[in-house]
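The values are calculated or read from the model by the stated rules, or taken from the named source; none is laboratory data. Just so we're clear, the structure is a prediction, and the values are computed from it rather than from any experiment. Cβ: placed from backbone, ideal geometry, glycine included. Neighbour counts: every protein chain shown.
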Amino acid sequence: MDVSPLSALSPEELTRTLISFKSITPQDAGCLPFLQDILKGLGFAVILHEPKNPGGPKNLSAVYGTGQKTLVFLGHTDVVPEGDTTWEGFTPREENGFLFGRGVADMKGGIAAFIVTAAHFIQEYPSFPGKLVVLLTGDEEVGTPEGIQALLPWAPEYYGPFTACLVGEPSSINTLGDHIAIGHRGSLNLHIKAQGIQGHVANPEQARNPIPILLKYLQKITTYVWEPDPGDFAPSHLEITSIDVGNPVSNIIPEQAQAYANIRFHIQHSAQTVAQRLQDLATETSEHLSVETTANGEAFLCRDVSLIQIAESAVQEVLQVTPTRGTGGGTTDGRFISPYCPVIEIGMVSRTIHHKNECIPLADCSRLTQVYEAFLRNFFLRA
Ligand SMILES: [Zn+2]
């Protein structure tokens, strides 16, 4: 696309162009080098971080401006596959006022809105008091340590301490700006194994059936009453995702039964305390149970009231709606930045993310851009 003059960048056009990069996670397909060129054209100092291992994900970091106050925009250019061979998700399409394309909501539309915002803001206030930092990864959807985590703690040291982070993930639920995310629950995976002794069903005394042991534990963890959620937080919740025995016959007591589960936990827990609680429940259930836990991330919460107000008033000013705030939905890369600064998420409507025919109202491209512009003005010039 023609990127000059950059101040005339259109968020609709930029969103369409970003969709057309087939950046199925963790492939980049040229998306980050393309954004590198645009950001350079706007006057950012850009670093394209090449993968440590061949074929690994790329990351990008960029900065514009000087001064103490530093706003980070965080995003990802990778997307999930189309998931259906009849849908050409990487060919952007407009229909009935909607823009269709893989990643249009999650989250290439958010990135385009922010880049255009930066272009307008820099043109209008070239020496605004502060710094804009952009951190983009090509590895969020599956998410490995080579994604945004690879830029930490380097980025806050290199660019100076971060004041706040705006994540462009799709936070809106039904209409643009109806909801902003002020944190997310933590996430922990469980792999549960019950060990039995194989035998003939007619001689159960010579065997040990692992299935009742597993069921007893699953019953215990799904009915366990976790501490109530504190105020703003969604409640902790455990979901069983699979039960496997792999026994195709009815006359053998199997040797092993296993299950998978995931728990989303609120801010008063840590992955470690939750894992310990689940281990204790296993110990009191049976000595033949083992539980392996893998932490996917800690819970995080924005406690910076003025940052939340800046976000809310930007939405109100542009869209004339008062957003609800919450911590529901899946976690984001915001969890990795949250140890360094308060994090807030404002983005497109999430209703169709990861679905076939992912789409947003076309008008939301420029509406979200205006929200981000109001956010930057409130953040740098008024607060
Ligand atoms: Zn996303």
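Let's see how each residue does on (1) assigned by TED's automatic domain parsing to the domain that holds residue 343; (2) over 30 Å from residue 201 (Cβ atoms); (3) of a type outside the set (Phe, Trp, Tyr); (4) part of a loop (DSSP other than H, G, I, E, B):
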{"residue": "247", "(1), (2), (3), (4)": "no, no, yes, yes"}
{"residue": "257", "(1), (2), (3), (4)": "no, no, yes, no"}
{"residue": "264", "(1), (2), (3), (4)": "no, yes, yes, no"}
{"residue": "267", "(1), (2), (3), (4)": "no, yes, yes, yes"}
{"residue": "273", "(1), (2), (3), (4)": "no, yes, yes, no"}
{"residue": "280", "(1), (2), (3), (4)": "no, yes, yes, no"}
{"residue": "317", "(1), (2), (3), (4)": "yes, yes, yes, no"}
{"residue": "328", "(1), (2), (3), (4)": "yes, yes, yes, yes"}
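Of these, 66, 25, which one is among the hydroxyl-bearing types (Ser, Thr, Tyr), surrounded by fewer than 17 Cβ atoms within 10 Å (Cβ to Cβ) and touching a residue at least 40 places away in the same chain (Cβ under 8 Å)?
On the way: 25 fails: surrounded by fewer than 17 Cβ atoms within 10 Å (Cβ to Cβ).
66 is the lone residue from the list that is among the hydroxyl-bearing types (Ser, Thr, Tyr), surrounded by fewer than 17 Cβ atoms within 10 Å (Cβ to Cβ) and touching a residue at least 40 places away in the same chain (Cβ under 8 Å).
Could you tell me which of the residues 332, 322 is surrounded by 15 or more Cβ atoms within 10 Å (Cβ to Cβ), assigned by TED's automatic domain parsing to the domain that holds residue 72 and not in a helix (DSSP H, G or I)? Give the derivation first.
Numbers: 322 fails: surrounded by 15 or more Cβ atoms within 10 Å (Cβ to Cβ).
Within the list 332, 322, the selection yields 332.
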**Request:** Check region 30-39 and report whether any residue there is buried (at least 17 other Cβ atoms within 10 Å of the Cβ) and part of a strand (DSSP E or B).
**Result:** no
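Residue-wise test of (1) in the same structural domain as residue 153 (by TED's automatic domain parsing); (2) among the hydrophobic types (A, V, I, L, M, F, W, C); (3) surrounded by 18 or more Cβ atoms within 10 Å (Cβ to Cβ); (4) over 21 Å from the mean Cα position of the chain (by Cα).
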site: 338; (1), (2), (3), (4): yes, no, yes, no
site: 350; (1), (2), (3), (4): yes, no, yes, no
site: 360; (1), (2), (3), (4): yes, yes, yes, no
site: 363; (1), (2), (3), (4): yes, yes, no, yes
site: 367; (1), (2), (3), (4): yes, no, yes, yes
site: 372; (1), (2), (3), (4): yes, no, yes, no
**Request:** Evaluate the following for residue 186: is it away from the ligand (no atom under 14 Å from the Cβ) and either over 17 Å from the mean Cα position of the chain (by Cα) or of a type in the set (Lys, Arg) (or both)?
**Result:** no
**Complete:** Expected single match for away from the ligand (no atom under 16 Å from the Cβ), more than 18 Å from the chain's Cα centre (by Cα), in a strand (DSSP E or B) and surrounded by fewer than 21 Cβ atoms within 10 Å (Cβ to Cβ) among 88, 94 is 94
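What residue, among those in region 148-181 that are assigned to a loop (DSSP other than H, G, I, E, B) and surrounded by 24 or more Cβ atoms within 10 Å (Cβ to Cβ), is nearest to the chain's Cα centre (by Cα)? Working first, answer last.
Step one: filter region 148-181 for residues assigned to a loop (DSSP other than H, G, I, E, B), giving 152-153, 159-163, 168-171, 173-178.
Narrowing further to those that are surrounded by 24 or more Cβ atoms within 10 Å (Cβ to Cβ): 168-171, 176-177.
On the way: 168: 9, 169: 7, 170: 9, 171: 10, 176: 18, 177: 17 Å.
Among those that are assigned to a loop (DSSP other than H, G, I, E, B) and surrounded by 24 or more Cβ atoms within 10 Å (Cβ to Cβ), it is 169.
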**Complete:** Looking across region 100-118 at residues that are buried (at least 24 other Cβ atoms within 10 Å of the Cβ) and not in a helix (DSSP H, G or I), the single one that is nearest to the ligand (Cβ to nearest atom) is 103
**Breaking point among (1) within 16 Å of the ligand (Cβ to nearest atom); (2) in contact with a Leu (Cβ under 6 Å, 6 or more places away or on another chain), for residue 177** = (1)
**Request:** List the number of the failed condition for residue 337; all other conditions in (1) away from the ligand (no atom under 16 Å from the Cβ); (2) among the aliphatic types (A, V, I, L, M); (3) in contact (Cβ under 8 Å) with a residue 60 or more places away in the chain hold.
**Result:** (1)
**Prompt:** When only residues in region 124-147 that are within 16 Å of the ligand (Cβ to nearest atom) and hydroxyl-bearing (Ser, Thr, Tyr) count, which is surrounded by the fewest Cβ atoms within 10 Å (Cβ to Cβ)?
**Reply:** 144
**Message:** Tell me yes or no: at least one residue of region 79-90 is in contact (Cβ under 8 Å) with a residue 24 or more places away in the chain and in contact with a Leu (Cβ under 8 Å, 6 or more places away or on another chain).
**Reply:** no
**Complete:** When restricted to 313, 290, the only residue more than 16 Å from the ligand (Cβ to nearest atom), over 30 Å from residue 377 (Cβ atoms) and outside any loop (DSSP other than H, G, I, E, B) is 290
